[in-house]
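The values are calculated or read from the model by the stated rules, or taken from the named source; none is laboratory data. Given the structure is predicted, the values throughout are model-derived calculations rather than measurements. Positions of Cβ are generated from backbone atoms using ideal geometry, with glycine treated the same way; all protein chains shown enter the neighbour counts. Surface areas here come from the heavy atoms of the whole protein model, side chains and all, with no ligands, DNA or RNA. Shrake-Rupley method; radii C 1.70, N 1.55, O 1.52, S 1.80 Å.
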Amino acid sequence: MKTAALAAALPAVGQESPRRLWYRQPAARWNEALPVGNGHLGAMVFGGVARERIQLNEHSLWSGRAVDDNPPGALAALPQVRALLFDGKYAEANRLAQDKMMAPMNNESYGSYQMLGDLTLEFAHEGEATEYRRELDLNEAVTRVSYRIGGDTFTRTIFASFPDRVLAIRLETTSPAGLSFRATMSRPKDAVVNRDGDLLAMTGQPKPHGVEFAAHLWCEGVTPVDAGYIVKGARSVVLLLTAATNLDEPAPAARSKQMIERARAKAWKDLQSAHAADYRRLFAAMSLELDGAAPDHVPTDERLAAVKKGAADPHLAATYFHYGRYLLIASSRAGSLPANLQGLWADGLNPPWSADYHININIQMNYWPAEVTALSELHDQFFRYIERLRPHGEVTAKKSYGCRGAVAHYTTNPWGHTSLDGRVIYGLWPDGLAWSALHFWERYAYTQDRSFLRERAYPILRACAEFTLDYLVEHPRTRKLVAGPANSPENTYTAANGERGWIAMGPAMSQSMAFAVLSRSEQAAALLKLDEPFRVRCRKAIRQLQRLEIGSDGRLKEWPEEFKEAEPGHRHISHLFGLHPGYEIELDDTPALAAAARKSLEHRLANGGGHTGWSAAWITMFWARLQESELAWQFFEKLLRDSTETNLFDTHPSGGGPIFQIDGNFGGTAAIAEMLLQSHAGRIRLLPALPKAWPSGRVRNLRARGNVGVDIEWKDGRAVWATLRPDTPGTHRLIAPKGQRIGQIDENGRKVSWNGEEVRLRAGSVYRLRF
């Protein structure tokens, strides 16, 4: 079914916005509900007619506690594990590392992100609902539900306001009899609900350890009866809900109540206008539009179902892009924790993987769209969290490795977990903090903010570089510096004796990470004119560092030896870190490495790789970096087809059915941006991987490194014009789309003389490029 056929599949019901998700029925499952959030408070709206479930989350509601769980035997075992690995005794080294360097995961102390509870609305409707509609308006960050019973209309408007830190709900009807319903708050356990004047208060604490939390519900014009509100005969009703925990501040009940008292003093229109203005400031900072008719009168779930059957619907990808930006705004705001494995939204008291912070790609991918799609301020929540983690990482670096600086491994939580635990296949990977620190450099690269570089980026980069300098050891045969023991995240090899192995000395990703953190730290110190002795140490280590190698089969080597792969289609493709988000592999500058990366990618895919949402998003990024537009588009379509729920949530496969994991949403959004604009390796590439599925369109204010806003318009697959708006002066190499060249550059309407590649851009000027 092609786009035209899909558009004609249902009768038109009015003009729809491409920045809208909508449905003709309530959600039957949690993964079909629609998310709203303000970074602190989140809700999943099911849209039921007789019974509405609004599942609630508070960003810092965690079980667990802070403990020192660094394994006492790790440091003593480290030299022996290294010696065994250097001697080729992989099986023995893996067993020793597992036995002596790893501690069992302490689930009770580690804890889990948990739901706050449910807000339930039970309606006394008489008759069947018709003309049902449930929607999420991405332009307004509002969820609406509407239906008719008899001749009367019933509507719900729901949003989560950041300015007022409140979940706001307005129920309305045209029925002369008005609305009749009961509203209650509940939680599966570890909570009590009581009246507090004309409010409902829910308070509790996860057992045996966890934060204290509180939530308050107010219903306009009604006093609660027992554990709920009973409303009869109202033509319109407003409900407000707030929540807080004591993770960072004391007295959550008092803070929650204070927030709801402030919000209830405002008129509905004032709450909504403040929410809209705050949200639009972020969401409207950039835009993507595709030409051509989109089948927006067809419900989102039906459009996705058609795509899964092979239909072409490129406009759904544009909606997915806008949705990813919406989700980041909704799950990462000032003062909140960063977006976790499920962003802000998780059901139950023990969601998959504790809905924690996996730092072996997942949380990093969450923030890939932040800078490039003009949401830079949302990155701050990630930075604040990593800064909180650093002192814990310093303890682990010293206790487990005898190193200076700071280290963290594959996963962490709000309690500061940085230790070695679990199995070596995923746990013995000391690069999580270093990868996170590279995001600080990315903020500087995009914004050119020297104060940020000095005060926030450089301290964390240096801490990770100090660990790296101490952790690197000289290979006894090659005399190159290698990092280890370390795994290649979650992947395995088969040693010569047939046994599976997980760790080695110098896997490709650890070597790429060492290069990245040392080079960026040295570069930051040079820019700031600081620490010359430290810079000398970094430069010396980089010269001696074992760099990426190409194997005998032409592929990039993942391990220091050409092991047989135990799982050749593995979802992680960590040895291509240097292609993206690293910067060791570039099509023009390192063509041999780029060819080897391509061959590695083709081999992984031929064996079934890319079968999770986040993995498909990463592969889309790889193909975009290799300027393979149709392959990038093919894998984005795979992300939609195989790893996307009807509410456009990204999924991870499991035996019990698809699991929501938000990183693919954010990775997919960033991948679309990467297809339209790239600004690594000192170049600004325009439309480097534009797919044929998007023949004509325009993008406004994508951000390029160097603090440049970029607008591009294209028609029939060719760029028509581009506008550059630098906010910081700088020299850039400008690269036209394939098959085109830049014919003229005007600065503020005057022709600029340039050498065909580099151009000096002045802050505040507007540059127009014609092709």
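Tabulated values for the structure
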{"read-out": "Filter result for residue 693 (modelled with pLDDT under 95 and surrounded by fewer than 19 Cβ atoms within 10 Å (Cβ to Cβ))", "value": "no"}
{"read-out": "Test: residue 58 is among the charged types (D, E, K, R), open to solvent by less than 50 Å² (accessible area, probe 1.4 Å) and over 30 Å from residue 422 (Cα atoms)", "value": "no"}
{"read-out": "Single condition residue 664 does not satisfy, out of (1) in a helix (DSSP H, G or I); (2) open to solvent by 30 Å² or more (accessible area, probe 1.4 Å)", "value": "(2)"}
{"read-out": "Listing of strands (runs of 3 or more DSSP E) fully contained in the stretch 219-332 that carry 1 or more residues being over 24 Å from residue 54 (Cα atoms)", "value": "287-290"}
{"read-out": "Condition met for residue 375 (at pLDDT 95 or above, of a type outside the set (Lys, Arg) and touching a strand residue (DSSP E or B) at 6+ places or on another chain (Cβ under 8 Å))", "value": "no"}
{"read-out": "Hey, residue 393 part of a loop (DSSP other than H, G, I, E, B) and either at pLDDT below 95 or small (Gly, Ala, Ser) (or both) or not", "value": "no"}
{"read-out": "Meets criteria (of a type in the set (Phe, Trp, Tyr), in contact (Cβ under 8 Å) with a residue 40 or more places away in the chain and either open to solvent by less than 10 Å² (accessible area, probe 1.4 Å) or under 30 Å from residue 761 (Cα atoms) (or both)) for residue 458", "value": "yes"}
{"read-out": "Flag for residue 85 being more than 21 Å from residue 395 (Cα to Cα), at pLDDT 95 or above and either part of a loop (DSSP other than H, G, I, E, B) or in contact with a Leu (Cβ under 9 Å, 6 or more places away or on another chain) (or both)", "value": "no"}
{"read-out": "Residue satisfying all of: in the stretch 92-146; assigned to a loop (DSSP other than H, G, I, E, B), charged (D, E, K, R) and more than 28 Å from the chain's Cα centre (by Cα); nearest to residue 241 (Cα to Cα) among these", "value": "126"}
{"read-out": "Odd one out for residue 757 among (1) closer than 20 Å to residue 625 by Cα; (2) surrounded by 17 or more Cβ atoms within 10 Å (Cβ to Cβ)", "value": "(2)"}
{"read-out": "So residue 557, is it under 28 Å from residue 82 (Cα atoms) and at pLDDT 95 or above", "value": "yes"}
{"read-out": "Filter result for residue 620 (under 22 Å from residue 346 (Cβ atoms) and polar (S, T, N, Q))", "value": "no"}
{"read-out": "Filter result for the condition that a residue is surrounded by fewer than 21 Cβ atoms within 10 Å (Cβ to Cβ), farther than 26 Å from residue 102 by Cα and in contact (Cβ under 8 Å) with a residue 60 or more places away in the chain, over 535, 450, 443", "value": "450"}
{"read-out": "Residue tally, condition more than 16 Å from residue 684 (Cα to Cα) and either among the basic types (Lys, Arg) or touching a strand residue (DSSP E or B) at 6+ places or on another chain (Cβ under 8 Å) (or both), over the stretch 750-762", "value": "3"}
{"read-out": "Which numbered condition residue 631 misses (of (1) assigned to a loop (DSSP other than H, G, I, E, B); (2) open to solvent by 10 Å² or more (accessible area, probe 1.4 Å); (3) under 21 Å from residue 737 (Cα atoms))", "value": "(1)"}
{"read-out": "Selection count, the stretch 343-382, where residues are open to solvent by 10 Å² or more (accessible area, probe 1.4 Å) and closer than 22 Å to residue 32 by Cβ", "value": "6"}
{"read-out": "Residue match in the stretch 183-204 (condition: open to solvent by 20 Å² or more (accessible area, probe 1.4 Å), more than 30 Å from residue 65 (Cβ to Cβ), of a type outside the set (A, V, I, L, M) and in a strand (DSSP E or B))", "value": "yes"}
{"read-out": "Test result for residue 705, at pLDDT 95 or above and over 23 Å from residue 367 (Cα atoms)", "value": "no"}
{"read-out": "Single condition residue 48 does not satisfy, out of (1) assigned to a loop (DSSP other than H, G, I, E, B); (2) at pLDDT below 50", "value": "(2)"}
{"read-out": "Matching residues in the stretch 667-694 - criterion: being among the polar types (S, T, N, Q) and in a helix (DSSP H, G or I)", "value": "669"}
{"read-out": "Subset of the stretch 295-316 (residues that are among the aliphatic types (A, V, I, L, M) and open to solvent by less than 30 Å² (accessible area, probe 1.4 Å))", "value": "298, 304, 306, 307, 311, 316"}
{"read-out": "Within the stretch 710-740, considering residues that are assigned to a loop (DSSP other than H, G, I, E, B) and among the charged types (D, E, K, R), the one most open to solvent (accessible area, probe 1.4 Å)", "value": "738"}
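Per-residue answers, yes or no, for (1) under 23 Å from residue 379 (Cβ atoms); (2) surrounded by fewer than 22 Cβ atoms within 10 Å (Cβ to Cβ); (3) without any contact (Cβ under 8 Å) to a residue 12 or more places away in the chain:
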| position | (1), (2), (3) |
| --- | --- |
| 241 | no, no, no |
| 244 | no, no, no |
| 248 | yes, yes, no |
| 266 | no, yes, no |
| 269 | no, yes, yes |
| 291 | no, yes, no |
| 324 | yes, no, no |
| 333 | yes, no, no |
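One line per residue, one yes/no per condition, for (1) touching a helix residue (DSSP H, G or I) at 6+ places or on another chain (Cβ under 8 Å); (2) at negative phi; (3) modelled with pLDDT of 95 or more:
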site: 164; (1), (2), (3): yes, yes, yes
site: 181; (1), (2), (3): no, yes, yes
site: 190; (1), (2), (3): no, no, yes
site: 198; (1), (2), (3): no, yes, yes
